[in-house]
Amino acid sequence: MSTERVKAGIIMGSKSDLHIMQDAADIFKEFGVEFEMTVVSAHRTPERMFEYAKNAASRGLKVIIAGAGGAAHLPGMVASITTLPVIGVPVKSSNSIDGWDSILSILQMPNGIPVATVALNAAKNAGLLAVQILATADDSLGLKMQAYKDELRKKVEESAAELEG
Ligand code: C2R
């Protein structure tokens, strides 16, 4: 499914999650991180989910972002199979009551199998966290992340200066 250069995987339980998960892909594009993106469902395609999680590290991936809505078991199940860090994105989907079902399904993992859970629909933060993980072994990526944070700080300082007059 990928070449050695691909460092990050984005998976989602359904194509209907794409409008949310695209934000993570956009961050990878912005930072120049090679990534792959596909649909994998623990519920609907358990064998595919197992194969994906089992082979991810040997294919060269360093981090996986997994988004799902409702009874969102995908991130936790993938985390149970791989030793790679898994970042979970709770999606407020059509079958989600109010989003809490997705959040708690991903967040409340048992000891031993962590999933780094971001806020509801926060695929952008998932992308940024994945970049930060990759940057621990890539100085140039670390510099890009520093520049990104400097830009955020500048924007706040400009807003503050504007309001203070
Ligand atoms: P459909 O729109 O395809 O009916 O999916 C998907 O992530 C999506 O948000 C509705 C929602 O079901 C979620 N889904 C899961 C899993 N597979 C699909 N939570 C899973 O394996 O955890």
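Structure summary
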{"quantity": "Search result, residues across the stretch 92-118 that are touching a strand residue (DSSP E or B) at 6+ places or on another chain (Cβ under 7 Å), assigned to a loop (DSSP other than H, G, I, E, B) and either more than 14 Å from the ligand (Cβ to nearest atom) or of a type in the set (D, E, K, R) (or both)", "calculated": "Lys92, Val118"}
{"quantity": "Flag for Ala8 being of a type outside the set (Asp, Glu) and under 12 Å from the mean Cα position of the chain (by Cα)", "calculated": "yes"}
{"quantity": "Condition met for Val89 (within 12 Å of the ligand (Cβ to nearest atom) and under 15 Å from Lys124 (Cβ atoms))", "calculated": "yes"}
{"quantity": "In the stretch 10-29, residue farthest from the ligand (Cβ to nearest atom) [restricted to those that are within 29 Å of Ser140 (Cα to Cα), touching a residue at least 40 places away in the same chain (Cβ under 8 Å) and surrounded by fewer than 21 Cβ atoms within 10 Å (Cβ to Cβ)]", "calculated": "Asp26"}
{"quantity": "Restricting the stretch 71-86 to residues that are within 12 Å of the ligand (Cβ to nearest atom) and surrounded by fewer than 21 Cβ atoms within 10 Å (Cβ to Cβ), the residue that is nearest to the chain's Cα centre (by Cα)", "calculated": "His73"}
{"quantity": "Qualifying residue in the stretch 143-152 (condition: buried (at least 18 other Cβ atoms within 10 Å of the Cβ), in contact (Cβ under 8 Å) with a residue 40 or more places away in the chain and not basic (Lys, Arg))", "calculated": "no"}
{"quantity": "Residue pairs meeting the criteria (Cβ under 7 Å; at least 6 apart or on separate chains; first more than 15 Å from Ala130 (Cα to Cα), in the stretch 59-71; second assigned to a strand (DSSP E or B) and of a type outside the set (D, E, K, R))", "calculated": "Ala68/Met12; Ala68/Val91; Gly69/Val91"}
{"quantity": "Scan of the stretch 98-123 for residues that are of a type outside the set (A, V, I, L, M) and closer than 17 Å to Gly69 by Cβ, ordered by number", "calculated": "Asp98, Gly99, Trp100, Asp101, Ser102, Ser105, Gln108, Thr117, Asn121"}
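Here, each number is a calculation from the coordinates, and none is a lab measurement. Predicted model, so just to flag it, every value in this text is computed and none were measured. Note that we place each Cβ from the backbone using ideal geometry, even for glycine, and neighbour counts take in every protein chain shown.
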